[in-house]
2 protein chains.
Amino acid sequence: MLINVPPDQPVRAPWEETPSMTNVLITGAGGFLGRRLARVIAAGAPLPGTDGGKGPASRLELVDLTAPEPPAGAAMPVACTAADLADPATAAALGARGADIVFHLAASLTLDAERAPDAAWAVNVEAPRRMAEAATGHPRFIFTSSIAVFGGDLPPETSDDLRPMPATGYGTHKAIAELMLADLSRRGRIDGRSLRLPIVVTRPGAPTPAVSDRIAALIREPLAGRDVVSPLPPETLVPLASAGAVVRALLRLVAVTEDDLPPGRVLNLPALTVTIGEIAAAVKARGATGGIGFAPEADLAHIVQGWPQHFVSARAEPLGIRPDASLDALIADHLRHEGAGHVGS
Amino acid sequence: MLINVPPDQPVRAPWEETPSMTNVLITGAGGFLGRRLARVIAAGAPLPGTDGGKGPASRLELVDLTAPEPPAGAAMPVACTAADLADPATAAALGARGADIVFHLAASLTLDAERAPDAAWAVNVEAPRRMAEAATGHPRFIFTSSIAVFGGDLPPETSDDLRPMPATGYGTHKAIAELMLADLSRRGRIDGRSLRLPIVVTRPGAPTPAVSDRIAALIREPLAGRDVVSPLPPETLVPLASAGAVVRALLRLVAVTEDDLPPGRVLNLPALTVTIGEIAAAVKARGATGGIGFAPEADLAHIVQGWPQHFVSARAEPLGIRPDASLDALIADHLRHEGAGHVGS
């Protein structure tokens with residue numbers, strides 16, 4: 001079921017099309033990452049055009065379970081659509097929209113996937129499959145995969161070419177979708193590109209039980225003046241990226257020529273590896289007035305310990321895809337975009 | 001849709017159940033491997049029982065698109081069922097049958113999967129998913145995966161732990177099903193075990209366009225007195241296993257305790273690597289009267305060159321899973337089981 005919210009500017013009529021027209025579709029556009037990406041594209045971030053040049057998107061469609069808010073002051077028409085990707089016909093209809101670039105960010109996350117494996121399979125695997133099968137014009141299809149594709153006994157550095165052996169249903173679905181999208185690319189349905197994300201911080205808003213948000217909360221809450229309890233001990237190593245670093249990487253990945261893609265069309269986003277204790281010290285140095293306590297939770301620690309600690313990519317550097325420069329830069333990204341007015345409040 | 005052919009002996013009544021009762025279900029049981037496996041199990045091959053001991057199956061159900069022939073002289077009741085696994089309800093119904101051991105051999109092979117990707121996905125991925133989700137009692141679920149999960153730039157030896165990067169839709173589906181079955185095992189639906197098969201020879205009967213049968217024909221046809229044309233040049237290396245070696249491996253794998261399973265619950269079946277020229281010489285040495293000509297076909301050569309040449313498994317040896325002893329032993333397996341009366345005819 002698709003519900004369109006009329007775009008805030010009229011959609012360009014077919015006879016107005018130019019060779020560089022670029023229709024962009026973002027799924028999961030109402031989420032933390034989706035909103036950041038939509039803002040940057042709406043502001044005119046250069047994207048590869050159908051004529052081989054680069055320019056802003058000519059049209060942007062934002063899709064989520066509830067219709068996302070259109071970004072203020074968009075430089076192009078923006079359509080906001082409510083759609084449940086778990087419905088096969090909806091996924092196929094979105095795929096058939098004729099987008100030149102699809103950023104597929106919608107997903108059922110770790111805890112939901114454990115609770116409702118069938119529903120998660122529908123969103124995480126079937127939805128991108130049906131979108132890609134229905135796609136026209138071989139769109140660039142950017143897929144956000146995850147650090148969670150890795151598990152088991154990991155070497156000190158988790159590289160692009162390590163065998164994925166996921167320890168969760170969510171990681172399994174992501175590893176499966178990577179393989180599926182590479183095959184759909186080989187068959188010419190799409191030009192698929194998968195980026196494996198580390199723990200992305202810092203989602204704004206109220207805390208959620210999502211594993212990554214339990215870690216994000218260690219940055220967000222103290223900086224907003226609230227105390228927080230870490231479910232992980234201080235010495236736990238976690239690989240992080242700011243939302244800004246992820247958005248930059250997605251925009252770099254979409255611009256890469258097909259010949260430059262890594263084997264399997266997938267790469268790790270290089271991450272900044274820090275301890276939970278270092279996060280606590282860094283937010284304090286930034287003036288946080290909330291405190292961080294520690295009450296380790298075994299199940300959460302188990303999930304996080306199954307993830308790579310040093311999450312690296314030899315493929316990323318030549319493509320200009322880089323981690324955050326420092327933990328302080330990563331926190332600054334949060335404060336600049338999501339945390340303004342919260343420090344000391 | 002399930003169509004049951006009544007078993008040739010009455011099914012044991014519930015009050016006759018013993019602790020060692022072992023219900024076995026084989027899908028794809030009408031195929032080359034399925035028939036061999038069914039014959040061996042019907043003849044009383046020892047299988048792990050529900051009481052921890054070993055014994056013959058107490059009941060055997062054989063499933064394929066058309067109901068398989070029951071093996072002659074079976075030591076237990078045998079039900080023969082026609083079922084289309086592409087139908088979700090049928091797959092779920094089979095999974096819910098309460099089998100203690102499932103050998104899932106049904107598949108849509110390479111060329112069919114390229115022609116009809118959606119139908120192949122239904123059989124290769126959705127069917128085992130629905131069977132496993134519907135399973136009761138945590139059955140041992142033995143999955144025949146394939147050498148085709150590997151592709152790209154392969155090292156000299158393809159080991160269990162190499163990253164799968166399939167070059168075909170069929171290989172993609174097998175790699176996906178491996179990941180999915182490991183996750184369904186983690187979640188306790190099944191006790192899944194995947195065995196990656198090399199090229200299995202020698203299917204009897206008329207030649208088919210299947211890639212593996214084009215290679216099998218190089219053994220079968222000359223030994224039956226018929227000329228054959230090889231689509232691959234003489235120097236092409238191919239990793240082979242006899243049907244006998246595969247059946248022995250499947251019966252070993254089903255008997256392994258869960259703790260002894262390799263990471264990801266999957267291992268390569270060690271293969272015998274030979275050249276096409278060596279196959280030609282070996283069948284001639286066995287008295288073949290048909291000749292082998294050469295007319296390389298680029299598309300087929302491309303598929304085969306994407307497969308591992310030396311397909312090895314460090315995990316197999318400790319479990320007692322071994323390749324054929326020699327090319328001559330492999331050909332002898334064919335002659336003993338499928339080729340009797342054909343030599344020199």
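Every number in this text was worked out from the coordinates using simple rules, so none of it is lab data. On a predicted model such as this, the values are computed, not experimentally measured, just so you know. Counting neighbours? That spans all protein chains shown, and the Cβs are built from the backbone with ideal geometry, glycine included.
Charging the Cβ of each Asp and Glu at -1 and of each Lys and Arg at +1, and nothing else, the dipole of the protein assembly as shown about its Cα centre rounds to 20 debye. Per Stokes-Einstein, at 4 °C and 1.567 mPa s, what whole-number D in µm² s⁻¹ belongs to chain A, with the Kirkwood radius over Cα pairs as the hydrodynamic radius? Roughly 64 µm²/s, to the nearest whole number.
Taking a sphere under 13 Å around the Cβ of A:Pro207 and counting the other residues whose Cβ falls inside, with K and R at +1 and D and E at -1, yields a net charge of +1. Largest mean-square fluctuation among B:Ala122, B:Ala45, B:Ala91, in a Gaussian network model of chain B whose springs join Cα atoms under 10 Å apart, belongs to B:Ala45. Across the identical copies, the label point of B:Asp260 (7 Å from Cα in the Cβ direction) is separated from its matches by 5.1 nm, in order from shortest. In order along the range A:57-62, phi translates into HN-Hα couplings of 4, 8, 7, 10, 10, 10 Hz, rounded to whole numbers, per the Karplus curve 6.51 cos²θ - 1.76 cosθ + 1.60 with θ = phi - 60° and x for Gly and Pro.
Expressed as a whole percent, how much of the Cα-Cα distance distribution for the range B:37-126 exceeds 16 Å? Summing the P(r) of the range B:37-126 above 16 Å gives 60 percent of all pairs. For chain A, DSSP calls about 20 percent of its internal beta bridges antiparallel. Note on the protein assembly as shown: Rg/Rh from C-alpha atoms, Kirkwood Rh, equals 1.02.
Net charge dipole, the range B:140-183: roughly 200 debye, given to the nearest 20, about the Cα centre with Cβ charges of +1 for Lys and Arg and -1 for Asp and Glu. For B:Lys54, inter-copy separations between label points set 7 Å beyond Cα along the Cβ vector come to 6.4 nm, shortest first.
What size of dipole, in debye to the nearest 20, comes out for the range B:223-280 about its Cα centre when the only charges are +1 on Lys and Arg C-beta atoms and -1 on Asp and Glu C-beta atoms? It comes to approximately 160 debye. Taking Lys and Arg as +1 and Asp and Glu as -1, the other residues whose beta-carbon sits under 15 Å from that of B:Val228 total +2. Judged by the gyration tensor of its Cα atoms, with axes a ≥ b ≥ c, the range B:210-271 is prolate; a/c meets the 1.5 cut and a/b is the larger of a/b and b/c. Label-to-label distance, A:Ala119 versus B:Leu65, with points set 7 angstrom from Cα along the beta-carbon direction: 3.7 nm. What separates the B:Asp118 label point from its copies, with the point 7 Å along Cα to Cβ, is 2.2 nm, written shortest first. Checking every one of the GluC sites (Glu not before Pro) in the range B:154-254 against DSSP loop status and a limit of 12 other Cβ atoms within 10 Å picks out B:Glu235. Counting only lysines at least 8 places from B:Lys174 when in the same chain, those with an alpha carbon closer than 28 Å to its own are A:Lys174.
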